[in-house]
Amino acid sequence: MPPSPARIRIAKAVVHVLALAPLAWLCWQFWQVYGGIDYDALGADPVAEIEHRLGTWALRFLLLTLAITPLRQVTGQTALLRFRRMLGLYAFAYASLHLAVYLGLDLRGYWAQVFEEIAKRPYITVGFAAWLLLVPLAITSTQGWMRRLGRRWGQLHKLVYAIAILAVLHFWWIVKSDYREPLLYAAILALLLGWRVWKAIRRKRPGMSSGSPAGKI
């Protein structure tokens, strides 16, 4: 039995609260540092810590977005698809804040250096490319754009696979020594993409079901 609209609204409200909680906590810690209450709230390098957390949460929400389809296929709960757009937009929001902190606090307004940094540092190149590819997905995430683009909407939103790979690579290259966390995200991404490859192979076999169009991403 599918969940009622009231339960869906409550679940969405809970997801919104949970998704905003890391940002709220980060803002609180920033205020503690800025206000002189606790200079160690964000460690020895507050800017790097803020960048790291925002980028990490962007990657987590991206992986959660990709996890919706396998979870729906395993559990049969089509209601999960209602959360995919929300999680994807949170991934874009955290990624945009990650970039904004880099531009505003790391480069300290010297934005003319951005293109030099992008060309010179591979991890910035792939990170910026991932964000750039997220922009059209965020813009076209509405029902109106889905109707306008038709089949092309699904083709466009398959960019999320390339974005996720670039995001994991960006994180991997940033890490200097302890690769356990980026390795974990790389393993999760490999599992999520591997699931899709396996499902695609099964669909091509005679007698296999093609699956629901809504769950292809």
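Only the coordinates and a few stated rules stand behind these numbers; no lab work does. These numbers come from a predicted model, not from an experiment. Cβ sites come from the backbone with ideal geometry, for glycine too, and all protein chains shown count toward neighbours.
Computed quantities for the displayed model
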| read-out | value |
| --- | --- |
| Extension gain (nm, one decimal) between Arg108 and Leu193, 0.36 nm per residue minus Cα-Cα | 26.8 nm |
| Phi to ³J(HN,Hα) by Karplus 6.51 cos²θ - 1.76 cosθ + 1.60 over segment 42-53, Hz, x for Gly, Pro | 10, x, 6, 10, x, 4, 4, 5, 5, 4, 4, 5 |
| Segment 136-144 - phi-based ³J(HN,Hα) in whole Hz, Karplus 6.51/-1.76/1.60, Gly and Pro as x | x, 5, 5, 5, 9, 7, 7, 4, x |
| Charge sum, other residues only, whose C-beta stays under 12 Å from Leu18's C-beta, Lys/Arg counted +1 and Asp/Glu -1 | +2 |
| Cβ-defined net charge surrounding Ser141, 12 Å radius [Lys, Arg +1; Asp, Glu -1] | +2 |
| Inter-label distance, nm, simple model (7 Å from Cα along the C-beta direction), Tyr34/Leu149 | 3.5 |
| Distance in nm between pseudo-label sites at Trp25 and Ser177 (7 Å out along the Cβ direction from Cα) | 2.5 |
| Under the Karplus curve 6.51 cos²θ - 1.76 cosθ + 1.60, θ = phi - 60°, whole-Hz ³J(HN,Hα) for segment 179-196, x wherever Gly or Pro sits | 9, 5, 5, x, 5, 4, 5, 5, 5, 4, 4, 4, 5, 5, 6, x, 4, 5 |
| Cα-projected label distance for Arg82 with Lys120, points at 7 Å along beta-carbon direction, nm | 5.0 |
| Extreme residue, positive dipole direction of segment 44-215, given options Ala93, Gln155, Ala130 (C-beta unit charges) | Gln155 |
| Orientation-averaged projected area, Cα convex hull of segment 99-196 (nm²) | 8.0 |
